[in-house]
Each structure stands twice: as C-alpha cells, then as structure tokens.
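Novice: Sending over a structure as structure tokens; questions will come in a sec.
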Amino acid sequence: MTMSIHFLDLPPEILILILCHLDLPTLTSCLATNRRVKSIIDGSTLLQYRLAAQAACVEDNPWNLKLDSAHKLAALRKRQAAFAESFSTHICHTIELDDPFDCYALSGSIFVMTERNSKTLRWCSLTTNQPVFQTLKFSESIWFISLALPEEDLMVVILTLKFMSDALQNQDGTPNVTVKLCFYELSTQSAHRMAREPVLHLSIPEDPEPDFHVDICDSRVVLLIDYNDAKNRVLVYDWKQGRLLMEFPGGYLTPTFLSLDVMLLTQKGTGALELWTIQDSAPVAGPDIFLKLPQLATTGNYYAITKVEAIPKGHASSSSHSPFHTSFVDSIVALDVYVQVAGDVPVKMLLVISRRALLQLLPSAKERGNELWWREWGPSNAHWLNHWPTITCGTRFASVELQPLGCRLRLFDFNPLAYKQLAGRGALANTAMSVLSGTQNRARDIAGLFDEELGSQLGYLVLESDKNVYYDGVLLDDEWIVGIKESLDGHISLDLRRLGDPLTYLSGVHA
C-alpha cells in the first residue's frame with residue numbers, strides 16, 4: 001500500500017528552499033491563499049528578504065558571505081528608508097569647476113568629465129568630504145567616454161588620431177582618421193586587466209566628422225559611428241576577448257543593451273524601435289521585432305530618438321562587498337524623442353519604458369521581423385514625460401520641473417510597488433518633499449502632435465522638493481543626486497545631495 005505525500009507535508013526547511021524560487025507575484029498569491037504557506041513565509045527571514053529584495057527591484061549579492069539573510073534584510077530596509085527620508089534640499093557639497101566640459105558621466109559615485117577634443121580627462125570620487133579631481137592625460141583627442149564602474153571597473157574612452165600617410169587615404173584622396181576604442185581600469189588608471197586587447201583600432205573617413213554612441217553590458221560593448229545618414233555603422237564587441245561579434249550599416253541613431261544578448265536600436269524618421277538579438281555569426285539576421293511609436297499628425301515626423309544613459313550596465317561584479325545591487329532587468333529604459341512638425345523646432349519628450357516588458361516582447365524565431373503597433377505594446381509598458389537632461393538609475397531618475405514660482409527638484413521612481421508603499425502619505429515626516437503619483441502622461445506641448453491616444457498604465461512615484469532649484473542638468477546614481485549649474489558668465493558648479501551610503505545601511509548590522 002502506498003501513501004501519497006502532500007506538498008505541504010514536506011519539512012519547512014524544504015518548503016522554504018522551494019518557495020525561494022518563486023517570483024514576487026506568486027509568493028504574494030501564496031500568502032493570500034494558504035495559511036500554512038503564509039506561516040512559513042512570515043516565519044522565514046530568507047523568504048522575507050527575498051520578498052523585500054524583489055519589491056525594491058534589487059538583486060541579492062551571493063558573493064557577500066559575511067551577512068546572513070537577517071542582516072541583509074535589515075540593510076535593505078535601511079536603504080529604502082534612506083531613499084524616502086534623505087531626499088531633501090540639503091546640499092552636502094558644492095564643487096566649483098575651473099574648466100568647462102561637454103562630455104560627462106556618473107557611475108559608482110565617480111563623476112568623470114572632459115571637453116570634446118581635449119586630451120585630458122578629469123574625475124573625482126563624490127564619497128570624500130572634500131572631492132578632489134584627478135587627471136588622466138592622453139596623447140590623442142577624447143571624443144567620448146562611457147562608464148561601467150561598479151560592474152567592471154571599466155571606462156571606455158574613444159580617442160582619435162589623424163594619419164596623413166597616403167597609404168591610409170581613401171580612394172578619393174581624403175585622409176582617414178584612426179579611432180581608438182580604449183578599455184581602462186579606473187582604479188589603476190591603466191589598461192583594463194580583463195581586456196585581451198585593451199585598445200581596438202578602426203579606420204574611418206575624416207569627412208564628414210561623425211558622432212559616437214557607446215553602451216556597455218557586462219562583457220559586451222556596442223559602438224555606433226554616426227554620420228547622420230545611412231552610412232552609420234553598428235559594431236558589437238566582446239571587449240574582454242577583443243573580438244568583433246556583429247557589424248552592419250544603417251541609419252541608426254542610438255544603441256541600448258536590454259540584456260547581454262539583446263539590444264535596442266532606433267532609426268531617424270521611422271518612428272519604430274528595433275530589438276536585435278546579438279549573434280556571434282554571419283550574416284546578420286536583422287531585427288527580431290519592430291515596435292511602432294504613436295502615429296504622428298500628418299505634418300509631423302520623428303526627427304530623432306536617442307538613448308538616455310542608464311545605470312546599471314549589466315550585473316554587479318563578484319568582487320562587490322554590497323549585500324545587494326540595483327536590478328538590471330527590472331530597471332527602466334529612457335529615450336529622448338524629438339518630434340518635428342511642419343519644419344518647426346523639434347519638440348523634445350522623454351519616453352520611459354520597462355526593460356523587463358521589452359524583453360518579454362521578443363518573438364519566437366518563426367515570428368521574427370513582425371511589427372507591433374503602439375496600441376499593442378506601448379500604453380501598458382511606457383510613459384511620456386517632459387524632456388530633461390538626466391541619466392536613469394534602476395527604476396529612478398531625477399529632473400527639474402518648472403513651476404509657476406520657480407523650479408522644483410523631482411525624483412521619479414517607476415518601481416511597480418513604489419506607489420502602493422508611499423502614495424497617499426503626503427509630505428513625509430522629517431523631509432522637505434511631497435509625494436505625487438499617477439499614470440497620466442506628463443509631457444507638455446504634445447497636443448496636436450499625435451493622431452492616436454498615448455495612454456499609459458505604467459505607474460510612477462514622484463518625490464518633489466519644497467524649495468526652488470536652478471539646474472541645467474541633474475544626474476543620479478545609487479548614492480548621489482548631482483545638480484549641474486552654469487552661471488551667466490559660464491562658471492559651472494556641481495551641487496551634491498546624498499541619497500544614501502551602503503556603509504550607513506550596514507551601521508549597527510553585523511554578522
């Protein structure tokens with residue numbers, strides 16, 4: 001005679017290990033449908049930490065063996081409280097800058113800047129009480145920089161050097177420019193130890209002068225050489241192996257990694273986003289799917305669609321000491337969208353999209369190349385906002401909102417659970433902010449631009465300071481809000497506001 005064993009008859013230790021593999025919606029459903037499962041979840045620190053981590057859109061750091069689940073949970077709760085309570089108008093530091101810059105980046109509490117065609121790159125750590133800039137000098141001109149510091153200690157620098165040798169000229173006699181794609185380890189300020197080929201060389205025509213766009217995801221780098229026409233080139237490298245994975249031409253404007261194996265590309269004038277699977281083979285198969293943007297009025301066109309810099313750049317390094325990291329797959333993708341109507345100055349908007357939702361739209365191999373209209377994918381996964389120079393960090397970004405009596409600093413959070421956790425509380429205790437929320441598209445000046453309803457079910461939370469600020473740009477990473485301010489005489493300064501410090505999350509928390 002055999003006895004059937006019910007799932008819930010298993011020992012609690014085994015049930016906990018099984019439940020750890022469930023996602024947040026499934027765990028939440030279990031809490032509501034079965035008393036025994038609820039009792040197990042409520043009584044398990046490991047499951048409580050897993051629930052809290054998913055709700056906060058962070059990933060556990062399995063390499064941190066010094067803290068158990070209880071201490072990681074305590075640190076995570078402190079992090080969430082710090083985000084809600086420390087966003088204020090208090091400025092920790094103001095850095096006065098002597099030199100102008102037009103190319104800058106923020107990653108891992110490191111601010112890097114340079115001026116295009118300069119041969120000197122300057123950077124500083126924001127974590128010190130008195131930030132001091134260090135310099136890195138090159139023999140060639142700097143055209144572009146991109147950072148992936150917490151993930152790879154990586155700084156990608158694009159350098160250019162003209163060669164006047166006849167052997168390197170084009171058939172029409174015009175000289176070529178050698179582009180150097182350099183991979184630096186910022187901590188040592190030298191060639192990255194993980195790069196088999198720390199410098200990759202490309203030869204391109206000197207005229208017309210191109211722009212460069214770079215994105216990083218773990219071991220991969222995508223470079224777009226932008227001539228503002230169909231001659232643009234997209235190149236995808238494994239920067240650790242020094243190997244070219246894909247190369248193809250086209251009128252593309254911006255590359256964005258959605259994952260290690262998938263990237264998003266935009267083209268001028270098409271009004272569509274293209275999702276590409278990265279292939280280590282030839283020939284290139286083409287886009288997996290085309291995602292159409294809203295139809296414009298008959299006199300309008302999508303003048304340009306470019307990416308907003310994003311943090312993180314893939315998954316955190318195994319050498320990290322943090323108990324958890326901002327989730328890459330749960331982060332947002334933001335695009336600057338320029339719409340031109342009847343030859344007028346383009347209207348700028350910010351389009352925010354769920355990264356996870358984009359990846360879920362990838363079709364099967366049989367459906368490769370299909371198109372989805374905006375109404376089929378956009379309203380449930382995207383949101384339109386006013387344009388502002390910024391970068392995104394996880395589900396968040398900072399901006400400045402024009403008010404009748406001045407400008408307010410705002411922090412947007414597209415964490416799906418942020419609204420439920422904080423909305424309705426009004427001005428939080430001991431803070432200089434108010435809490436706003438909703439799903440209504442907030443982009444101004446869009447009346448008459450579109451021939452269809454935009455719609456949006458992608459909710460958000462907004463923290464707003466109660467005092468005016470005057471910034472030309474705002475940057476954000478896990479620890480800092482950086483306000484960039486330029487005076488009428490051209491003087492530039494950086495206002496630093498601290499969102500939180502991982503060390504403070506762990507104060508009083510010891511294994």
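The values are calculated or read from the model by the stated rules, or taken from the named source; none is laboratory data. Bear in mind the structure is a predicted one, so any value in this text is a computation, not a measurement. Cβ coordinates were reconstructed from backbone atoms using ideal geometry, including for glycine residues, and neighbour counts include every protein chain displayed.
Novice: Tell me which residues, restricted to region 199-215, are among the charged types (D, E, K, R) and within 20 Å of Ala148 (Cβ to Cβ). Full working, then the answer.
Specialist: Step one: filter region 199-215 for residues among the charged types (D, E, K, R), giving 206-207, 209, 211, 215.
Within region 199-215, Asp215 is the sole residue that qualifies.
Novice: With the requirement that a residue be among the β-branched types (Val, Ile, Thr) and touching a Lys or Arg at 6+ places or on another chain (Cβ under 6 Å), what does region 306-331 give you? Outline the logic, then answer.
Specialist: Initially, region 306-331 is screened for residues among the β-branched types (Val, Ile, Thr), giving 306, 308, 311, 326, 329.
Result: Val329, single match.
Novice: Has region 289-310 got at least one residue that is farther than 16 Å from Ile391 by Cα, assigned to a loop (DSSP other than H, G, I, E, B) and under 22 Å from the mean Cα position of the chain (by Cα)? Give the steps one after another, and end with the answer.
Specialist: First pass over region 289-310, keeping only residues farther than 16 Å from Ile391 by Cα: 289-304.
From what's left, assigned to a loop (DSSP other than H, G, I, E, B): 293-295, 297-299.
Add one more test, that the residue is under 22 Å from the mean Cα position of the chain (by Cα), and what stays is 293.
Yes, that holds for at least one residue.
Novice: While we're looking at this one, here's another question. Out of the residues in region 19-42 meeting the condition of being over 20 Å from Ala56 (Cα atoms) and surrounded by 11 or more Cβ atoms within 10 Å (Cβ to Cβ), tell me which one is farthest from the chain's Cα centre (by Cα). Spell out how you get there, then give the answer.
Specialist: Of the residues in region 19-42, the ones over 20 Å from Ala56 (Cα atoms) are 32-40.
Restricting the remaining residues to those that are surrounded by 11 or more Cβ atoms within 10 Å (Cβ to Cβ) gives 34, 36-40.
Details: Asn34: 38, Arg36: 40, Val37: 37, Lys38: 36, Ser39: 38, Ile40: 36 Å.
The selected residue is Arg36.
Novice: A follow-up question, please. Between Pro379, Pro287, Pro312, which is closer than 27 Å to Asp153 by Cα, crowded, with 16+ Cβ neighbours inside 10 Å and either modelled with pLDDT of 95 or more or not hydrophobic (A, V, I, L, M, F, W, C) (or both)?
Specialist: Working: Pro379 fails: closer than 27 Å to Asp153 by Cα; Pro287 fails: closer than 27 Å to Asp153 by Cα.
Checking each option against the conditions leaves just Pro312.
Novice: Do any helices (runs of 4 or more DSSP H) lying entirely in region 31-123 carry at least 2 residues that are under 30 Å from Leu19 (Cβ atoms), among the charged types (D, E, K, R) and touching a residue at least 40 places away in the same chain (Cβ under 8 Å), and which ones are they?
Specialist: Details: elements: 35-43, 45-55, 69-86.
The qualifying helices (runs of 4 or more DSSP H) are 69-86.
Novice: Would you mind listing the strands (runs of 3 or more DSSP E) fully within region 216-280 where at least 1 residues are touching a Gly at 6+ places or on another chain (Cβ under 6 Å)? Don't jump to the end; show me each part of the working.
Specialist: Working: elements: 220-226, 233-238, 243-249, 252-257, 262-267, 272-277.
Filter on region 216-280 gives 262-267.
Novice: Among the residues that make up region 303-311, is at least one of them hydroxyl-bearing (Ser, Thr, Tyr), under 23 Å from Asp229 (Cα atoms) and in contact with a Leu (Cβ under 7 Å, 6 or more places away or on another chain)?
Specialist: Taking region 303-311 as the starting set, the residues that turn out to be hydroxyl-bearing (Ser, Thr, Tyr) are 303, 306.
Within this subset, residues satisfying the condition of being under 23 Å from Asp229 (Cα atoms) are 303, 306.
Subsequent filtering for residues that are in contact with a Leu (Cβ under 7 Å, 6 or more places away or on another chain) retains 306.
Among the residues of region 303-311, at least one is hydroxyl-bearing (Ser, Thr, Tyr), under 23 Å from Asp229 (Cα atoms) and in contact with a Leu (Cβ under 7 Å, 6 or more places away or on another chain), which makes the answer yes.
Novice: Sticking with this structure for a sec: Could you tell me which residue of region 164-210 is modelled with the lowest pLDDT, considering only residues that are more than 25 Å from Val112 (Cα to Cα) and within 36 Å of the chain's Cα centre (by Cα)? Break it down into steps so the answer makes sense when it comes.
Specialist: Filtering region 164-210 down to residues more than 25 Å from Val112 (Cα to Cα) leaves 164-177, 203-208.
Filter once more, keeping what is within 36 Å of the chain's Cα centre (by Cα): 176-177, 203-208.
Numbers: Asn176: 74, Val177: 78, Ser203: 85, Ile204: 84, Pro205: 79, Glu206: 73, Asp207: 70, Pro208: 76.
Residue satisfying both the conditions and the ranking: Asp207.
Novice: Moving to a separate point now. Is there a residue in region 345-359 that is in a loop (DSSP other than H, G, I, E, B), surrounded by fewer than 20 Cβ atoms within 10 Å (Cβ to Cβ), touching a Phe, Trp or Tyr at 6+ places or on another chain (Cβ under 6 Å) and of a type outside the set (A, V, I, L, M)? So that I can check it myself, show each step before the final result.
Specialist: Taking region 345-359 first, the residues in a loop (DSSP other than H, G, I, E, B) are 345-346.
So of that shortlist, the ones also surrounded by fewer than 20 Cβ atoms within 10 Å (Cβ to Cβ) come out as 345-346.
Now drop any that are not touching a Phe, Trp or Tyr at 6+ places or on another chain (Cβ under 6 Å), which leaves 346.
Restricting the remaining residues to those that are of a type outside the set (A, V, I, L, M) gives 346.
There is at least one residue in region 345-359 that is in a loop (DSSP other than H, G, I, E, B), surrounded by fewer than 20 Cβ atoms within 10 Å (Cβ to Cβ), touching a Phe, Trp or Tyr at 6+ places or on another chain (Cβ under 6 Å) and of a type outside the set (A, V, I, L, M).
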